[in-house]
1. Any residue in segment 307-331 that is among the acidic types (Asp, Glu) sitting within a Cβ distance under 9 Å of a residue that is open to solvent by 60 Å² or more (accessible area, probe 1.4 Å) and modelled with pLDDT of 95 or more? List the pairs, counting only those 6 or more apart or interchain.
2. Let me spell it out: the conditions are (1) open to solvent by less than 40 Å² (accessible area, probe 1.4 Å); (2) at pLDDT below 95; (3) under 19 Å from Gly218 (Cβ atoms), and Val102 meets all of them except one. Which number is the exception?
3. Return the residue satisfying two criteria in turn: it lies in segment 135-152 and is free of Cβ contacts under 8 Å to residues at least 12 places away in the same chain and assigned to a helix (DSSP H, G or I), and of such residues it is farthest from Lys215 (Cα to Cα).
4. Working carefully through the options Phe231, Phe255, find the one that is closer than 28 Å to Asn316 by Cα and surrounded by fewer than 22 Cβ atoms within 10 Å (Cβ to Cβ).
5. Is it true that Ala70 is of a type in the set (A, V, I, L, M) and within 14 Å of the ligand (Cβ to nearest atom)?
6. Being in a strand (DSSP E or B) and within 15 Å of Gly91 (Cα to Cα) is the filter; apply it to segment 201-233 and report the residue that is nearest to the chain's Cα centre (by Cα).
7. Within segment 233-258, restricting attention to residues that are away from the ligand (no atom under 16 Å from the Cβ) and aliphatic (A, V, I, L, M), which residue is nearest to Pro308 (Cα to Cα)?
8. Which residue pairs have Cβ atoms closer than 9 Å, lie 6 or more positions apart in sequence or on different chains, and pair a first residue in segment 110-134 that is within 9 Å of Ala148 (Cα to Cα) with a second residue that is part of a loop (DSSP other than H, G, I, E, B) and among the aromatic types (Phe, Trp, Tyr)?
Amino acid sequence: MKRRNFLKNSSAAAAGLISTSVIAAGDKKNRSEIDTAKTTQTTTPIVIATWDVSNATAKAWEVLRKGGVALDAVEQGVMVEEADVENQTVGKGGRPDREGRVTLDACIMDKDSNCGAVLCMQNISHPISVARKVMEDTPHVMLAGLGAEQFAYEKGFKKEDLLTEKSKKEWLEWKKTSKYQPVINIENHDTIGMLAIDKNGDIAGACTTSGMAYKISGRVGDSPIIGAGLFIDNQVGGATATGVGEEVVRTVGSFLIVELMRQGKTPQQACEEGVNRIIEKNRGKLNFQIGFIAVNKKGETGGYCIQPGFSYRTYNKDGHINTPSKSHIKA
Ligand code: SD4
């Protein structure tokens, strides 16, 4: 069964998984943070992800429910999509570039603003885990191409052919016309950006993609770029993006949204302003999709996009819910 055909899980299914106060305020540094934590008791831990990726959010929630940290939750959550060959925009089974190469981008960021990324990496099905190794085991933030791949082998990742028969067949078909025109909500669908808050109130995020289908070889979008495809500030919240990465990079979208939340905007208001910033720069040619999601320190969430059709999944003690995003262009 396709992920997106799964029925919305009821709140009751998830209710009661965490019954007591879930924020440990004791390790917070100052009074205002403790006050913030108090207001979040009913909404965190929480996980939120772009698109209706219920298997991925369920996995992340399992980690959080057992008391795991947000960083593990987002890594393990997005790995579900990376391994799913039916998802043709992430990991194994992703659509290739125009030369037939599947090249993957991913980044990860933790509560201390540590971050790691891999760009345009081939033959490794879990780029998010390589990104985490870059963050934890190197003095660098980004590794690209062959260097990233070589680093992955040194860390014990195994070489895999990521081009599935299905994606190969579609690519060969595409080559007959070679027309580069991403189809809204299809060819750029399902890049997974995930944000989580754990029982300590700490935030982490991950973003992983095979990028735009049939891109020019070597092209990298927003997804592995800290600040563009993903940004976390543990004092404020996190944001992540999906859609045409070039447009997200132009406005450093996820960083912008976190900064707007720092200034007092709700996650919903911040996502709307982030999308509007892109719209302003593209007046008259809104033939592409961008979607942002965000969560603040209180566990409040928001999402906004240009075209109808984008949705996001949240999982907290109140339920596992797919929310159709509000959009600039109405359905
Ligand atoms: C990119 N933002 O490479 C990615 C594509 C994407 O869902 O989001 N797909 O530009």
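The values are calculated or read from the model by the stated rules, or taken from the named source; none is laboratory data. These numbers were taken from a predicted model, which means no experiment stands behind them. Using ideal geometry, Cβ is built from the backbone for each residue, glycine included, and neighbour counts are taken over all protein chains shown. Side chains included, ligands, DNA and RNA excluded: accessible areas come from the protein's heavy atoms. Shrake-Rupley method; radii C 1.70, N 1.55, O 1.52, S 1.80 Å.
1. So the pair list comes out empty.
2. All conditions are met except number (2).
3. Out of the qualifying residues, it is Gln150.
4. Going through Phe231, Phe255 in turn, just one is closer than 28 Å to Asn316 by Cα and surrounded by fewer than 22 Cβ atoms within 10 Å (Cβ to Cβ): Phe255.
5. No; evaluated as a whole, the condition is false for this residue.
6. Cys207
7. Let us first name the residues in segment 233-258 that are away from the ligand (no atom under 16 Å from the Cβ), namely 233-238, 258.
Checking which are aliphatic (A, V, I, L, M) leaves us with 236, 258.
Working: Val236: 28, Val258: 23 Å.
Ranking the candidates gives Val258 first.
8. So the pair list comes out as Val130/Phe157.
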